[in-house]
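Quick notes on the structure that follows.
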Amino acid sequence: MSKTVSANSDRAEWQREFDAQTEGQRPRTNRSGIPIKPLYGPEDWTSDRHEADLGLPGQGPMTRGIYASMYRGRPWSQRQLVGLGTAFDYNDRQRRMAGAGASALSLCPCNSVYRGYDMDEVDPLLLGTCGVVINTAEQMSTALDGIALERISIGLNDPTPFTLFAFVLAHAKKTGTPWDQISGTSNQSDYLSHFVANHMFLRLSLEGSRRVLVDHIDWCAKHAPKWNALSVVGQHMQQAGATPAQAMGFTLASGIQYAEDCRARGLDLAAVLPRFTFFFDISISVFEEIAKFRAGRRLWAKIVRERLGINDPRAARFKFHAQTSGVDLTRQQPLNNIVRVAVQAMAGVLGGLQSMHTDAYDEVLSSPVEEAARIAVATQNILREEAHLDEVVDPLGGSYYVEALTNQMEAEIEKTLAQVDRAGGMFEAVKGGLVQRLCGESALAWQAEVESGRQKVVGVNGWQIDEPPDVRKPQERPDPATIDRYLKEFAAFKAARAPATIAKALDELSRAAEDDRINLFGKVVEAAMIGCTHGEITGRLRRDLGFGNPLVMA
Amino acid sequence: MSDWLERLRAGDRATLARAITAVENETPEARAVLKAIFPHLGKALVVGITGPPGAGKSTLINAYIETLRARGQTVGVVAVDPSSPITGGAILGDRIRMGGHSGDPGVFVRSLASRGHLGGLSRTAAHVIDVMDASGRDVVIVETVGAGQSEVEVAEIAPTKVVVAAPGLGDDIQAIKAGILEIADIFVVNKADLPLADRTAGQLLDMLRLKDHGEWRIPVLKTVALKNEGIEALADAIAQHAKLAETSRPAPRARAAKLIAAQAADLARRSIQALEEKVIDDYCDQVLSGALELEEAAQRALAKAIARS
Amino acid sequence: MTTDLRPPKVLMTKIGLDGHDRGGRVVATYLRDAGMEVVFTGPWKSIPEVIATAQEEDVDVIGISSLASDHLLVPKLMAALRENGLDHVGVVVGGIVPDRDERDLLAVGVARVFHPGASLDEIVPFVDRLAKNVRQRRQGL
């Protein structure tokens, strides 16, 4: 205790001054509905709780980070989703990026691929306008030509039944790369999140997806052990309106569901859990996001230990990728978005992410122009190299506010988990529409905040200016002649195959769909190697396993 | 006038849509439309399908539509959705079109919000059915969600009423008991591949034992709409019941009888409301003093009101 | 020619490949709360499906919600509306639409393009007015 007179604090006096200075102000809450006090102190958190709440990074409660060294040992990786046009365009761009020293590549396919169609099944106007068009193992070989697979980590946006990964495996076989050397992640493997919120990625019925996903996890554990077969996605639900606490709760509930599905199949959880990864949205609500990530990390470690009964720190590591939220970006005064993205990215790094995508400032205007994409990457470099956010592990740990908020967010997340548990787990909660309803209600509540002006958004409901029209040189759309040529090549490729071989491979898929004892993903890989197309494989499984129309709830 | 009627009877979709709008919105054309189509009614089989949310009604209806289409029949669907009691607005869920019949000219789906109909929802629904009937639809399906009073009333318009339940929805059985047991001509236990299906079917059969049977023995059918199982049997049962109902009382006649009764009640209510306060006050005095019985007073007031209007 | 007592009727739908439906849902809910009747479909409707639904439901306005590049199909929708005698129906588009494409959409008859951040105070009265104009323009039987 200090003995100087000036150090004596008078709580009542502070309260009087505070009240006088803030008269008439409304109470504050964050997006998850937690009341925010103006000042936090030892009454909210004390370091007596250090062991119980925090511990050390890579150990115990896991709050401070999943690795002992965090960014000193391995900087977060920068993954920017890229890809427009054809496999040739993609290869050009990847070679340029690999030349610039990139050690990770991401592949974001065209929406036609997401929807499970080949390029000859959709309106050619839409082909390649928001992702790369890849329908065959051949085209994947074109896209990855000259890239050393064993030295690069691949992020594939590849929902069930994982045809793009099958094409990568076929390419690896052809070029002599052993499958156990291939590393990366099946992003968008979380079909539950697609059924709730991002219907674009939905290809099979809920039950069909459930079967294929567990087969995929099983197959990867045996044949491609460095591949992360599952990425559980909270991003879609937060984008669809879920509060940060709800989004974390739904994601953890999905993680539990997938782990239990694996266990029900007889897989060894200690072996598959270390390959579980997660993917989140980072909103601009800075401290809330930091607390969300810290609380989620702590909860997952606890779930793995207590609920799933696995006592291995590797299995308890909450590895996650995060993307700055496009929902916070505005069309008005778009350059302001550079600032928003920087703040969101800071929150993500301070929350302890493993990998990040920063949005380009113009994503609400169009597909990003090249300069905007470059600024997005530079933002991450500036945070690391100039602001040195990578130097100290969990730098906000021990802050009264951050620790109190982490505990409160944890309690809020547990409420969502309990809601889902009462509905019979995430699969049932999604099938019955509970999660969709909660996301929808939160979206409306948020909209009401903005409409009423209680939540200010610069340029939207405050500080508006008269703006000139958008005069930037727009992102090139794929040249129609190129697309036309690509379509013709595709038709020629299909015509040159032996129809009987293709029919046989697809029938094998049907047989596997009927018979639970056959690994369906193994059959997808075989079909891909024989020359079946993405649309043929997905179409056949959609026929046999059904297509789940999303529950449409307004 | 006869121009549109010809187009309607030839099955023209645009004319059908506009004629429905006229009767639904009670536009000045509505009376003429109704008058013109009445002589052309009676061809359609009209079936009401209702049941609690979650029973898989929409999937069942889609499978039923598929069966009807395979049998070469054309279909009209009236899908009733609840309106907001506060604003009168409604989200019409478009559940039936999700089944992939959109674009098939043999299927015509029209949503109907439950609120804001001058003569009541069931009257409007009856008019919409009539227009579809006159346009030559072979089968008209009326779908309602839930088992509230107005849903039951709407379902009652159809001479053949199907109530759908799903296994293990214990509370829903209670709801059915309370609300729509009386009106069901056919029970369906959908999702019959789930556990408890037999128990639910058994519970329904038990309840039916207490009920008086006429000529028609109410069947409890099991279906798995998602896998298209049991749908042929359902379609057959609906056709059988419709035939029986038709012989006892032709559907347009039954519908017209109900409409006349409803319109008459409406007319009486409006006439009474139009009486001067003083007249009603007089009757009140007489009833309160014991000089006049309540029913007697009502009859006199009504007679006076009708004489004046 | 007709005095309709019923509220405006709107078809809220998505064409093309994208499946994000938050925007469309929020707008549909606000239109309902303003007393309108909204036929709300799932995503991925084909143009013939949208035409069939608009015709069967006899709607006044079609709202297309677009996030990716699906708005590129809207000119085809406008042409199909004309071919099917539905040119009286008002069409609004909401979502991420680059300026150059907005000009193209307005040129083919789209009544208005709403961008992200558009206030519901703008959208709701606009749709209401548009629906009322459509009602006045349309033919009876």
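Computed from the coordinates by the stated procedures, all read-outs in this text should not be read as laboratory data. A quick note: this is a predicted structure, and the numbers were derived from the prediction, not measured. Cβ atoms come from the backbone with ideal geometry, glycine included; neighbour counts cover every protein chain shown.
Some values worked out for this structure:
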{"quantity": "Extension gain, A:GLN464 back to A:TYR67 (0.36 nm per residue minus Cα-Cα distance, nm)", "calculated": "138.5 nm"}
{"quantity": "Cα shape, the stretch A:260-373, gyration tensor, a/c 1.5 rule", "calculated": "prolate"}
{"quantity": "Distance in nm between pseudo-label sites at A:GLN181 and B:ALA291 (7 Å out along the Cβ direction from Cα)", "calculated": "11.0"}
{"quantity": "Förster radius 56 Å - calculated FRET efficiency between A:GLU43 and B:ILE280, Cβ distance, rounded to 0.05", "calculated": "0.20"}
{"quantity": "Most mobile of C:LEU77, C:LEU130, C:LEU120 in a GNM of chain C (Cα contacts under 10 Å)", "calculated": "C:LEU120"}
{"quantity": "Reachable lysines, given that their alpha-carbon falls under 29 Å from the alpha-carbon of A:LYS302 and they are not under 8 places away in the same chain", "calculated": "A:LYS37, A:LYS222, A:LYS226, A:LYS292, A:LYS319, A:LYS415, A:LYS431"}
{"quantity": "Spatially proximal aspartates and glutamates relative to C:LYS132 (Cα-Cα < 18 Å; intrachain offsets below 8 disregarded)", "calculated": "B:GLU24, B:GLU26, C:ASP4, C:ASP33, C:GLU37, C:GLU57, C:ASP58, C:ASP60, C:ASP87, C:ASP121, C:GLU122"}
{"quantity": "Burial ranking of peptide ranges A:436-446, B:154-164 (average Cβ count within 10 Å, highest at the top)", "calculated": "B:154-164, A:436-446"}
{"quantity": "Principal axis dimensions, the protein assembly as shown - Cα atoms, whole angstrom, descending", "calculated": "95, 88, 63"}
{"quantity": "Simple Cβ-charge dipole of chain A, Lys/Arg +1 and Asp/Glu -1, about Cα centre, in debye nearest 20", "calculated": "980"}
{"quantity": "Max mean-square fluctuation residue, GNM over chain B, Cα-Cα springs under 10 Å, options B:ALA242, B:ALA36, B:ALA254", "calculated": "B:ALA36"}
{"quantity": "Fully extended contour minus Cα-Cα distance, from A:GLU121 to A:GLN21, at 0.36 nm per residue", "calculated": "29.5 nm"}
{"quantity": "Likely footprinting exposure, A:PHE521, A:PHE547, fewest C-beta neighbours within 10 Å first", "calculated": "A:PHE547, A:PHE521"}
{"quantity": "Burial ordering of A:TRP227, B:TRP216, A:TRP179, A:TRP45, fewest other beta-carbon atoms within 10 Å first", "calculated": "B:TRP216, A:TRP179, A:TRP45, A:TRP227"}
{"quantity": "Net dipole in debye of the stretch B:39-248 [+1 Lys, Arg Cβ; -1 Asp, Glu Cβ; about Cα centre; nearest 20]", "calculated": "180"}
{"quantity": "Sorted largest first, extent of the stretch B:261-308 alpha carbons per principal axis (Å)", "calculated": "34, 20, 14"}
{"quantity": "C:THR41, A:THR330, A:THR160, B:THR247 arranged by Cβ crowding within 10 Å, fewest neighbours leading", "calculated": "B:THR247, A:THR330, C:THR41, A:THR160"}
{"quantity": "Average Cα contact separation per residue, chain A, under 8 Å, 6 or more apart, as relative contact order %", "calculated": "20"}
{"quantity": "Distance between the stretch B:67-143 and the stretch C:75-110 - C-alpha centres, whole angstrom", "calculated": "28"}
{"quantity": "A:SER77 paired with A:TRP14, simple spin-label distance in nm, labels 7 Å along Cα-to-beta-carbon", "calculated": "4.5"}
{"quantity": "Simple Cβ-charge dipole of the protein assembly as shown, Lys/Arg +1 and Asp/Glu -1, about Cα centre, in debye nearest 20", "calculated": "1260"}
{"quantity": "Positive-end residue of B:HIS127, C:THR41, A:HIS171, charge dipole of the protein assembly as shown with Cβ unit charges", "calculated": "A:HIS171"}
{"quantity": "Label zone at A:LEU487 (point 7 Å along Cα-to-Cβ), backbone N below 19 Å, the stretch C:29-56", "calculated": "C:46-48"}
{"quantity": "Shape category assigned to chain B from the gyration tensor of Cα positions, a/c cut at 1.5", "calculated": "oblate"}
{"quantity": "Over chain B, relative contact order from alpha-carbon pairs under 8 Å, at least 6 apart, %", "calculated": "20"}
{"quantity": "Charge dipole (the protein assembly as shown, unit charges on Cβ, about Cα centre) - positive-most of B:ALA265, A:ALA295, A:GLN59", "calculated": "A:GLN59"}
{"quantity": "Cα centroid separation - the stretch A:302-333 against the stretch A:512-536, whole Å", "calculated": "31"}
{"quantity": "Fluctuation leader among B:ARG110, B:ARG217, B:ARG123 - chain B, Gaussian network, Cα springs under 10 angstrom", "calculated": "B:ARG217"}
{"quantity": "The stretch A:22-68: translational diffusion in µm²/s, Stokes-Einstein, Kirkwood Rh over Cα pairs, 4 °C, 1.567 mPa s", "calculated": "97"}
{"quantity": "Positive-end extreme of charge dipole, chain C - chosen from C:ALA131, C:LEU31, C:VAL110 (charges on Cβ)", "calculated": "C:ALA131"}
{"quantity": "Helix B:294-308 vs. chain B, principal-axis angle (Cα, 0 to 90°, nearest 10)", "calculated": "80"}
{"quantity": "Rounded if a/c under 1.5, otherwise prolate or oblate - the stretch A:66-452, Cα gyration tensor axes", "calculated": "rounded"}
{"quantity": "For the stretch C:9-137: relative contact order, % (alpha-carbon pairs under 8 angstrom, 6 or more apart)", "calculated": "27"}
